[in-house]
Amino acid sequence: MDTQLLEKTASELVAAGKGILAADESNGTMSNRLEAVGVSASPETRNAYRANLFSANGYEKFISGVILFDETIRQKMPDGRPIPDALTSLGVYPGIKVDIGAKNLANHEGEKITEGLDGLRERCEEYFSMGARFAKWRAVIEIGDEKPSDACISTNAHALARYASICQEQGLVPIIEPEVLMAGIHDAETCYEVTSSILQATFEQCQIQGVHIPGALLKPNMIIAGNSCPEQISREKVAQMTVDCLTEHVPNDLPGIVFLSGGQSDEDATAHLNLMNSMTINHPWQLSYSFGRALLANALKTWATGDNEGSQSVFLHRSKMNSLARTGDWNSELENK
Ligand code: 13P
């Protein structure tokens with residue numbers, strides 16, 4: 001394992017003022033999102049939408065890496081350059097989603113196990129040769145009646161650690177993403193407990209399997225009440241509970257935590273990150289972003305109207321707002337400037 005390369009990549013992915021763009025929606029998800037804004041989905045439209053984002057002027061000031069899907073890492077920019085080469089030439093790390101999706105967990109109705117370990121070593125080798133320097137694997141944990149089960153927690157934690165270990169062997173920094181979903185009527189305390197149990201189990205498995213923590217990143221959810229819970233908590237409380245939960249379960253030698261947005265509004269996601277980075281305590285890890293929807297939802301809507309430059313401006317604006325949240329320098333008035 002090239003620990004020096006992994007540590008360098010991981011620390012540059014969470015460099016000051018920068019975060020990650022998650023543009024790795026699977027073909028199914030990206031197609032649904034395109035159709036929802038009235039664009040017919042095809043490899044060409046998915047390519048055109050993403051190539052337009054990757055052509056935005058100056059986004060590399062705010063974005064350290066972009067997570068791609070298998071289709072996208074093989075596609076080209078309008079000038080014919082392979083997408084990973086175009087990103088690399090701007091100093092933006094190409095990343096790759098390497099799981100093959102969340103499948104039904106046997107004997108546990110309504111629960112999921114993320115698959116993709118078979119052949120992973122060979123796929124990582126190929127992605128590295130195409131320019132990828134980091135990877136993502138997303139486990140999905142749902143809260144509900146009797147959920148999550150111990151089986152769901154332990155199998156997903158085990159798979160995350162095995163994935164991380166294989167990626168590191170192949171020179172890719174693993175983003176370890178155990179996502180506790182926002183959907184549901186559960187309160188924030190329940191989200192805290194479930195997030196605690198998956199983080200605990202995941203880092204235990206990482207230790208057993210020899211994952212090099214200084215060469216990895218964690219991509220967790222924030223601690224939030226379920227979206228159908230009548231008792232929502234304040235932004236300040238979200239920030240505090242999230243930091244408390246991470247402090248309890250995340251090793252100090254992890255270089256960075258890059259949050260997912262998970263369906264929060266653009267501004268909530270930014271505000272929560274900003275509050276965490278405004279605290280007087282010094283966190284042992286960088287607190288950053290690896291947002292999908294909170295960086296792109298409005299950029300996609302604008303692109304669908306045919307306004308390429310408008311879409312780039314929306315993406316640049318959200319990237320800048322989140323970059324400011326890295327240092328606690330965001331405020332809501334900046335949203336309208
Ligand atoms: P969201 O920020 O839209 O949750 O996407 C991040 C991601 O990559 C989920 O796997």
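Each reported figure results from applying straightforward, stated rules to the coordinates on display, with no laboratory input. As the structure is a computational prediction, the values presented were derived from the model and not from experiment. Cβ placement follows ideal geometry from the backbone for every residue including glycine, while neighbour counts extend to all protein chains displayed.
When the range 1-16 is examined, which residues are found to be free of Cβ contacts under 8 Å to residues at least 60 places away in the same chain and assigned to a loop (DSSP other than H, G, I, E, B)? First the steps, then the outcome.
So in the range 1-16, the residues free of Cβ contacts under 8 Å to residues at least 60 places away in the same chain come out as 4, 8, 15.
The answer is A15, and nothing else.
Among residues of the range 175-202 that are free of Cβ contacts under 8 Å to residues at least 60 places away in the same chain and on the phi > 0 side of the Ramachandran plot, those with a Cβ under 7 angstrom from a residue that is away from the ligand (no atom under 16 Å from the Cβ) and not hydrophobic (A, V, I, L, M, F, W, C), sequence gap 6+ or separate chain, pair up as G184/G144; G184/S228.
Of note, R46 satisfies the criterion of being more than 19 Å from G116 (Cβ to Cβ), free of Cβ contacts under 8 Å to residues at least 60 places away in the same chain and either in contact with a helix residue (DSSP H, G or I) (Cβ under 9 Å, 6 or more places away or on another chain) or buried (at least 18 other Cβ atoms within 10 Å of the Cβ) (or both). Residues that are surrounded by 17 or more Cβ atoms within 10 Å (Cβ to Cβ), within 18 Å of the chain's Cα centre (by Cα) and farther than 30 Å from M321 by Cα: does the range 72-84 have at least one? The answer is no; no qualifying residue exists.
Quick check on my filter: what residues within the range 8-34 are within 10 Å of the ligand (Cβ to nearest atom) and of a type in the set (D, E)? Answer for the range 8-34, where residues must be within 10 Å of the ligand (Cβ to nearest atom) and of a type in the set (D, E): D24, E25. Of the residues making up the range 284-331, those that are over 20 Å from the mean Cα position of the chain (by Cα), crowded, with 23+ Cβ neighbours inside 10 Å and under 30 Å from P214 (Cβ atoms) number 1. I want to confirm something. Restricting to the range 200-224 and keeping residues that are aliphatic (A, V, I, L, M) and in a loop (DSSP other than H, G, I, E, B), which single residue is farthest from K8 (Cα to Cα)? Among them, the one singled out is I224.
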